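A.B. asks: Got a structure here, written out as structure tokens. Questions coming.
The values are calculated or read from the model by the stated rules, or taken from the named source; none is laboratory data. Here the structure is a predicted model, which is why all the values come from computation and not from measurement. Note that each Cβ is placed from the backbone with ideal geometry, even for glycine, and that neighbours are counted across all protein chains shown.
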Amino acid sequence: MTAKVRKPTKGGYVIEVDGKMARLARVTTILEVVFKEAFGAMSYYGGRLALEYMAERDEVDDDIEDLYTAWKASPFDPNKTLRAASKRGTAAHKLFEDLCQRRATITGYAEPGHNPIIRRGDDPSFVAVDYDKGAAMAYVDMFQHLDAEEMLSEVKLYWTEHPIPECPDEICTHGWAGTADIIIPPFTLGDMKTNKGENRYSASVQMALYALAWEQMNPDADMIKRHFVIIPRPDGTYDLYDDPKQFIPSGVALDVYSLYLTRKEWGPVR
């Protein structure tokens, strides 16, 4: 069988196998639904409660509604902060991907701070700072020494309940798909998270979903036995989480997927 995996969209991954189409849920969407719905609304609710608390203590003279509106329009709006951090994180993630796939190279280090100097093709060189530096240093410490065949980067993975050509529906939707940041054969999965303050349970579950997909797509390969999560920091460092006690086996993936399907049956997911 030959599979074509298109670029992911908000609606999921589109996959074609021997002429049969599949539209599979994104792994990140499944985790969003199961673990953390409606963050933006909850953060606004908390901010409103804080203003009401201050008003009761006579610590604010302005009208609460005016303050609430001004807060949401200010740089301290939690969703604006998240979006700004997300843009920086996306850039760092892209840099890490380019380094792993040898589309970018580290040509030296700038003083002070020993920040890496990055070159992408014919583009002008730039100095990596903040999250970019953390991502670059993780690459230097962990992957720069590996040969190309020792590490797979940005691997498209999908799991389906049954082979796509045998799906009873015109377009198969029975499964999930995602992109694994790092696979080190035969049995190690890795991911980079730039939007997390710490290693979280959902990151390990994400590895389990990827692992089951990898094992289905590579039935002759060893099962995934280890995973790690790299978290670049805004100060140019990074944390590595690879505690074996936090490893979640691929079998958990089916339970999480079942929860996702059950939640969807309740009604619209925000």
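A.B. asks: Counting only residues that are part of a loop (DSSP other than H, G, I, E, B), under 29 Å from TYR131 (Cβ atoms) and more than 19 Å from the chain's Cα centre (by Cα), how many does segment 244-265 have?
C.D. replies: Going through segment 244-265 one residue at a time, the tally reaches 0.
A.B. asks: Within segment 197-211, restricting attention to residues that are modelled with pLDDT under 90 and not in a loop (DSSP other than H, G, I, E, B), which residue is surrounded by the fewest Cβ atoms within 10 Å (Cβ to Cβ)?
C.D. replies: Filtering segment 197-211 for residues that are modelled with pLDDT under 90 and not in a loop (DSSP other than H, G, I, E, B), the one surrounded by the fewest Cβ atoms within 10 Å (Cβ to Cβ) comes out as TYR201.
Condition check ((1) modelled with pLDDT under 90; (2) closer than 25 Å to LYS264 by Cα; (3) in contact with a strand residue (DSSP E or B) (Cβ under 8 Å, 6 or more places away or on another chain)) across all residues:
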position	(1), (2), (3)
THR9	yes, yes, no
GLU16	no, yes, yes
ASP62	yes, no, no
ALA85	yes, no, no
GLU97	no, no, yes
ILE106	no, no, yes
ARG119	no, no, yes
